[in-house]
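The values are calculated or read from the model by the stated rules, or taken from the named source; none is laboratory data. Remember, predicted model here, so these are calculated numbers, not experimental data. Ideal geometry is used to build each Cβ from the backbone, glycine not excepted, and the neighbour counts take in all protein chains shown. The accessibility values were calculated without ligands, DNA or RNA, using every heavy atom of the protein model including side chains. Shrake-Rupley method; radii C 1.70, N 1.55, O 1.52, S 1.80 Å.
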Amino acid sequence: VQTCALPIWHWGSVANVTYDASSFEVVSITTHDRQQTYAYYDDDLGPNDLVNAYTRFEGNSMSEELRMQSTGGGPLRWLAGGYYTSGTNNSSLCCGSIVGGSVFSALPGGAYLLPSQPDMFTGFSGFTDEQYDLTSNWTVGAGLRYDDFKDKAVNPVIAAGVQRATFTAIEPKAVIHY
C-alpha cells in the first residue's frame, strides 16, 4: 500500500496544580488531547488507479492524575494517588473511509463509503508507594498499583455489533536498597 500523507492536526492542553502543605503536597495533572489525520492510500500499488482509499481518523481523550506525596525530611517517604482516562477514537463526527478507483466506477459517484466505527475507552488506576530508610545505607519499600481499562468498539460485522475488552491488573512491589 502506497500512502500519501495529508495534513495532521493535533491540539492539546495540560493543567498542573500543586498544593504544598508543610509535610506533603497534593498534585493534580489534567490533560486533554485531540487529533485529526487524513491519508490517501493507493491500495493496488499499480500505475492504474484501480483501488484507493481516502481515510480520516479522529481521536479525543482526557486524563486526570491526583496524588499526595510526602515532602518531609524524615526516614519515611510515601506517595498515594489515582489516575483516570477516557476518550473516543473515530467518533460519529468522523467520516470513515471513501474507497474508490476504476474498480468502483459502476457505483454512484465511483466510490463507496465505509462508515467510521467508534472506539470508546475508559481506565482508572490507584497506586501507592512507601520507602523507609533503616540506616543511611539500607532502605526498604513496598508499593501497589491497580489498573482497570475498558474498551468498547462498534463492529457491525459481528452479531452483537459491539466488541468489548477489559484489562485489569494488580501489581505489588517490594524493594530493598543498599
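Brief remarks on what is shown
- Once region 120-163 is narrowed to residues that are in contact (Cβ under 8 Å) with a residue 12 or more places away in the chain and loosely packed, with under 10 Cβ neighbours inside 10 Å, the residue that is nearest to M62 (Cα to Cα) is P156.
- Single residue of G72, G59, G46 found to be at pLDDT 75 or above and not in a strand (DSSP E or B): G72
- When residues of region 27-61 are limited to those that are open to solvent by less than 50 Å² (accessible area, probe 1.4 Å) and of a type in the set (A, V, I, L, M), the one nearest to the chain's Cα centre (by Cα): I29
- Tabulated pairs, region 46-69, first touching a residue at least 24 places away in the same chain (Cβ under 8 Å), second among the small types (G, A, S) and open to solvent by 50 Å² or more (accessible area, probe 1.4 Å), C-beta under 7 angstrom, 6+ apart or interchain: N48/S102; D49/S102; L50/S102
- Options D20, D42, D33; residue that is among the acidic types (D, E) and under 30 Å from H177 (Cβ atoms): D20
- The residue that is least open to solvent (accessible area, probe 1.4 Å), counting only those in region 164-178 that are small (G, A, S) and at pLDDT 95 or above, is A169.
- In the set (1) at pLDDT below 90; (2) part of a strand (DSSP E or B); (3) small (G, A, S), S28 fails one condition alone, (1).
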